[in-house]
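Laboratory data are not the source of any read-out in this text; all were calculated from the coordinates shown. Note that this is a predicted model, so its numbers are computed, not measured. Positions of Cβ are backbone-derived with ideal geometry, glycine not excepted, and every protein chain shown enters the neighbour counts.
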Amino acid sequence: MGKIKTLVFSGGEIHDYKGCGQAAMEALSAREEFDLTYIENDLDALIAPKLDPYDLIVFYYTVGTIPDAPKNGLLNYVASGKGYAGFHSAADSFRDCPEYRAMVGGHFITHPAYRQFQVSIVDGDHPITKDMNEFYVTDEQYILDYDPRVHVLASALWKGKAMPVVWTKPWGKGRVFYLSLGHNPDSAKDANFKVLLQRGALWAGTPTG
């Protein structure tokens, strides 16, 4: 099998999408499995058939709106058997688009202050979290409304309840990976963040059939 042709797509408002997009590029370029392309803010790049050359899209985008053509291009691309790996604000993209939220598997509700918190591994047998132990991060914890059918791999406590940090799910024939960490470039350079993004992208970008 050749390299995973990967589009890293960042943009939107609020967050440092340039810094986080570059941090994602750095993390993924440390693995030889990825052939990387980087695009900022150009939603037209999602219009069919422009995504066809890629096996995987890594996504970091905050709020904004998505017109029907790029929305359908992205959703159909993943459903056709391709991979989607979103991190942090990928769960806060396109708030008025229920189809996008359904694909991701959940969406942002609120967050406590940027702080240190503990992440626990829920499924230590999955290839994304295999052999990982609980760890501390300094990041912005996302509190999410999520589909209970997602497969939670890691979580963190919020007000005494476990809130997902990492999950996977199907979308049609495609694979969806979501990682809630990565608020800013510093947190996106955390060693555990890098491992989870690399492994999640490998998993999502590997064909299921």
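Side notes on the structure shown:
- Calculated mean residue ellipticity at 222 nm for the chain: -7000 deg cm²/dmol, from DSSP H runs with n ≥ 4 weighted as -39500 (n - 2.57), summed, divided by the residue count and rounded to 500.
- Projecting the Cα atoms of Gly86, Ile109, Pro67 onto the charge dipole of the stretch 67-109, computed from C-beta unit charges around the Cα centre, puts Gly86 farthest toward the positive end.
- The chain - share of DSSP beta bridges that are antiparallel (%, nearest 5): 50
- Electrostatic dipole magnitude of the stretch 1-147 [Cβ: Lys, Arg +1; Asp, Glu -1; Cα centre; debye, to 20]: 160
- Quotient of the Cα radius of gyration of the stretch 29-118 and 2.2 N^0.38 Å, N being its number of residues: 1.16.
- Going from the residue with the fewest nearby Cβ atoms within 10 Å to the one with the most, Ser120, Ser180 rank Ser120, Ser180.
- Residue with peak Gaussian network fluctuation, the chain [Cα springs, cutoff 10 Å], from Ala91, Ala154, Ala30: Ala30
- Gain on full extension, evaluated as 0.36 nm per residue between Asp147 and Ala69 minus their Cα-Cα distance, stands at 25.5 nm.
- Translational diffusion coefficient of the stretch 111-165 (Stokes-Einstein, Kirkwood radius from Cα pairs, 25 °C, 0.890 mPa s): 207 µm²/s.
- Distance histogram for the chain (every C-alpha pair counted, 10 angstrom bins, percent rounded to whole numbers): 9, 40, 40, 11, 0
- With a Förster radius of 25 Å applied to the C-beta separation of Ala102 and Ser29, the computed FRET efficiency comes to 0.20.
- Between Gln198, Ala27, Trp167, the Cα set farthest toward the positive side of the dipole of the chain (charges on each charged residue's Cβ, about the Cα centre) is that of Trp167.
- Across the chain, C-alpha contacts under 8 Å between residues 6 or more apart give a mean separation that, scaled by the residue count, equals a relative contact order of 23 percent.
- Here's how it looks for Phe87: its modeled amide H is under 5 Å from those of Phe59, Leu179, which are all 5 or more places away or on a different chain.
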